[in-house]
Every structure is written in structure tokens, then in C-alpha cells.
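Any read-out appearing in this document is the output of simple, stated calculations on the displayed coordinates, not a laboratory observation. All of these numbers come straight from a predicted model, not from anything done at the bench. All Cβ positions, glycine included, derive from the backbone under ideal geometry; neighbour counts span all protein chains shown.
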Amino acid sequence: MSYHRISGLLRTAGGNDAGRTYRTYDRAQVQRQWDADVARSQHEDGTSYSGEIGMLAGPIQWHDEKLGSQGEAWNWIMRTHEKFEPPLAVSFELETEVPQAKLLAWRRRHQEAYEAYQRKAGEVVQRALTSGKSKLLPACGGCGSRLSREHIARGARGWVSDGVPCPVCRGNLLSETVQRRLEALKAKHEGRRDKEPRGRKTGKYGWVVGGTAQS
Ligand SMILES: [Zn+2]
């Protein structure tokens, strides 16, 4: 049976969401595996405010909700479990695993598209800041400062897709026209973005077990 840790995603004062995913629907098997995982956590993390599943020993309370994904199941546990209660389990539909190569290819495409968008936004901003007869930018709309084109353009490297702040008043030094161009670039980028690949539904179910562990 495969399982993996999903603990430690969110920390709250005095409690840490901790749990495990089990890719089987067999409750007896899940309870046995859970008891073993709890015992291992108690051995590794201790039994006092560890914020880990060692704090969630005992018979599991089952909720056969058949949720649509592991993520939904995890959110359900976080929403529903009260500290000091026994561990909760909620069922969710299993998906086939997405091949690692497919996931990596998606991540690479995603990253490249984002960098291309940022690069293009940078070019638009540089052109706007450096083209003009005067050595000074038009007066800042916020505070009226006249700033050196060269100085501001040199500082406006990298992440400028949300604008270029005035060093005096933090107002945006870009004109409305340039801001609209950047918004159009952003919309185009977001419109093109493909969704992270997901597995196919299998008609089979697994369980997420966990809760808020005292920490
Ligand atoms: Zn200003």
C-alpha cells in the first residue's frame, strides 16, 4: 500500500495539521497502517506537542464522503477536525498517477511561459522609460517629482510587470497607456496558461486520515 506524508502544510497556534493518505478503501487495513504510522511518529517525534500524527492515536472516525480529490479530502479534514478529538478519515476518489515526465514537462513549460511574459513586460517598461526627448521623466502623477530617465530605467530591471514605483511617493511612474499594455500582456499570459495535468478518475476510493495535532 502506498501512502505519503501530507503533514506540516499549515501551522496554527497550538496545532498543526497532520495526516496521511492511503490509497485503499479497506478500513481495517487503513486503521492498521495508521496505528503503525502513529507509533513511528511517536518514536521519531515524541508524544508531547509534536504537532505530528503521534498526537492523533486511537480509533479513526470514518466519514465516507467520496470527495472528488485528495486535495478536497485534505481540506475537509482541516475544516472539520477539532483539536483533542480522535483522528478523522474522509474518503476521496483515486486518480491514476500522472507520469513524472509529463508533470516535469508541464512545470518547465509553465516556467518558460512565465519568464517570457516577464521578459516582454520588462521590454515594454524599458522602452517607455527610455524613449523621450527629455532626460527627465514626465512629472510623477503622485508627488510631481521629475526623475532621471536613466536612473529609473536602470533600477527597473526584472519584475516590473506590476509597475515601476516612484522612489519618493511609491506611486506608479508608468503612464496609463503603458499600464494598459502590461495588463493586456498579463491577460494574454493567463489566458494561455494550461492547467496542471491530472490523473484519470478510477472509480476507486482511498482515505485521508488526520487532524489538528497539538504542538
Ligand atoms: Zn512620486
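Points worth noting:
- Amide H contacts under 5 Å for L174: V164, restricted to partners 5 or more places along the chain or on a different chain, H placed in the peptide plane at 1.01 Å from N.
- The helix-based estimate of mean residue ellipticity at 222 nm for the chain, built from -39,500 (n - 2.57) per DSSP H run of four or more residues and divided by its residue count, is -13500 deg cm²/dmol to the nearest 500.
- The slack between L103 and F84, meaning 0.36 nm per residue of separation minus the straight C-alpha distance, is 3.0 nm.
- Furthest towards positive pole of dipole, L173, I152, G122, structure part region 100-192, Cβ charges: G122
- D (Stokes-Einstein, µm²/s), Kirkwood Cα radius, region 100-192, 1.002 mPa s at 20 °C: 148
- Amide H contacts of D17 (H built 1.01 Å from N, under 5 Å, at least 5 apart or other chain): G8, L10, T12, A213
- Loop-located GluC sites (Glu not before Pro) across region 54-107 with a Cβ neighbour count of 16 or fewer within 10 Å are E82, E97, with loop assigned by DSSP.
- Taking Cα centre as origin and charging only the Cβ of basic (Lys, Arg, +1) and acidic (Asp, Glu, -1) residues, the dipole magnitude of the chain rounds to 1580 debye.
- For R79, net neighbour charge (Lys/Arg +1, Asp/Glu -1) across residues whose Cβ lies under 14 Å away: -4
- 0 to 90° range, to nearest 10: angle between helix 176-192 axis and the chain longest Cα axis: 30
- Mean sequence separation of contacting Cα pairs (under 8 Å, at least six apart), scaled by the length of the chain, corresponds to a relative contact order of 34 percent.
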